[in-house]
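See below for the structure under consideration.
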Amino acid sequence: MLTNIEPKPPLLVLVGPTAVGKTQLSLTLAEQYKCEIISGDSMQVYRGMDIGTAKVSMEERARVPHHMIDIHDPSDAFSVAEFQERVRDLIPQINNRGHLPFIVGGTGLYVESVCYNYQFSEANSDEQLRQELDTYAIEHGDQALHDMLREVDPASADRLHPNDRRRIIRAIEVFRVTGTKLSEQLAGQKKESPYNLCIVGLTMDRALLYKRIEERVDEMMQQGLLDEVKRLLAEGYDPYSVAMQGLGYKEMVGHLQGEYSLEGAIELLKRDTRRFAKRQLSWFRHMKDIHWVDVTEITNFSAHLANINDIITGKIVQ
């Protein structure tokens, strides 16, 4: 007996570590395939945090519609569950406009949660435990909290930066309440996509990537990252909030609070960003369905674009 099976809606995804060159390629691809870009970055959701998040410019947003940018104040918490819910609503809206939804970003869990429709639940929550852990971090430092997580869930500790207090608390909470590791719960999610999925991953020589990261940090400082952080603090945002613990912001706050010199803050930011890129690559290496493109030869843009076009036309029929 024949049945009518609805075709899966198409979804294009571009991932890779910070500074690998996602933005330039994404804009070209978006114009070529009539895409609307969905930012897959957990920090670009915050208004007024533009330089440190390497947010696309207004001119670039004028070229291609962008979503999931500037949707929260820095005082607001933002979670993977909210990201997933919002993007799941966006994808059919974009398809209905005759455009191709295109997720671009480097926050692995956020991107993967949409690609494979992860199931998130707040049923196993303990508000009192969260408050106790938060107090522990304030009294003993974020590194001590991160060390606590490493004792019970090393894989989650490897994935999360010591500054990411909210997510570290959540990972410890999951273990304390359920008795199972958050990393094991994530690994146990069904990797079946509700979309006709095409994921392209960008990679490059590690030494070149690190050089590009250091150049990007220098460029952010020239663009006024320190002044951006001063403005956010002057507007009353908590220097210990989740948003202000992001890369670039925590280091500048530390300098402004006298913890280290500006030169020391810049070197710390470069080091932390290199480590972040390493964690990004590790996460993406464990994702399935990624078609990798090596973009080490950065002057060979047309060749990289042709390679990606071959991948897209082989996966998504327009």
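Read the figures in this text as sums done on the coordinates, not as results from a lab. As the structure is a prediction and not an experimental result, all values here were calculated from the model. Glycine also receives a Cβ, built like all others from the backbone with ideal geometry; neighbour counts cover every protein chain displayed.
Sort 180-186, 21-27, 255-261 by the packing proxy (mean of other Cβ within 10 Å over each peptide's residues), most packed first. Write down the numbers at each step before the final one.
Working: 180-186: 17.3, 21-27: 19.4, 255-261: 12.6.
So the order, starting with the most tightly packed, is 21-27, 180-186, 255-261.
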- request: Restricting things to alpha carbons, tell me how big region 129-189 is in terms of Rg and Dmax, in Å.
  value: 10.7, 35
message: I want to make sure I understand the PRE zone here: with the label point 7 angstrom from the Cα of Leu109 toward its beta carbon, which residues in region 275-318 have backbone N atoms less than 17 Å away?
response: 276-287
- request: Report the local net charge at Pro239: Lys and Arg +1, Asp and Glu -1, summed over other residues whose C-beta lies under 14 Å from its C-beta.
  value: -2
- line: Check: C-alpha center region 81-101 vs C-alpha center region 242-318, spacing in Å is 24
field: Base-10 log of normalised Debye intensity for region 1-123 (one unit scatterer per alpha-carbon) at q = 0.09, 0.11, 0.16 Å⁻¹
entry: -0.26, -0.38, -0.78
message: Charges on Cβ only, +1 for Lys and Arg, -1 for Asp and Glu, centred on the Cα centroid of the chain; of Gly314, Gln119, Val217, which one is farthest towards the dipole's positive end?
response: Gly314
query: What residue among Gly264, Met244, Gln280 has its Cα farthest toward the positive end of the dipole of region 241-281, where the charges are +1 on Lys, Arg and -1 on Asp, Glu, each on the Cβ?
result: Gln280
query: Once you charge only the Cβ atoms, +1 for Lys and Arg and -1 for Asp and Glu, what is the size of the charge dipole of region 127-186 about its Cα centre, to the nearest 20 debye?
result: 200
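How would you rank Leu14, Leu262, Leu133, going from fewest to most other Cβ atoms within 10 Å of each one's own Cβ?
Numbers: Leu14 27, Leu262 13, Leu133 21.
The order, fewest Cβ neighbours first, is Leu262, Leu133, Leu14.
Going by the alpha-carbon gyration tensor, a ≥ b ≥ c the square roots of its eigenvalues, is region 65-131 rounded (a/c under 1.5) or, if a/c is not under 1.5, prolate (a/b greater than b/c) versus oblate? Could you put the intermediate results ahead of the total?
Numbers: a/c = 2.46, a/b = 1.77, b/c = 1.39.
Prolate.
As a check on your grasp of the helix formula, calculate [θ] at 222 nm for the chain: sum -39500 (n - 2.57) over DSSP H runs of n ≥ 4, divide by the residue count, round to the nearest 500. Kindly include the intermediate steps, with their values, before the conclusion.
On the way: 14 runs with 169 residues, N = 318.
It comes out at -16500 deg cm²/dmol, rounded to the nearest 500.
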- line: In units of 2.2 N^0.38 Å, the Cα radius of gyration of the chain is 1.01
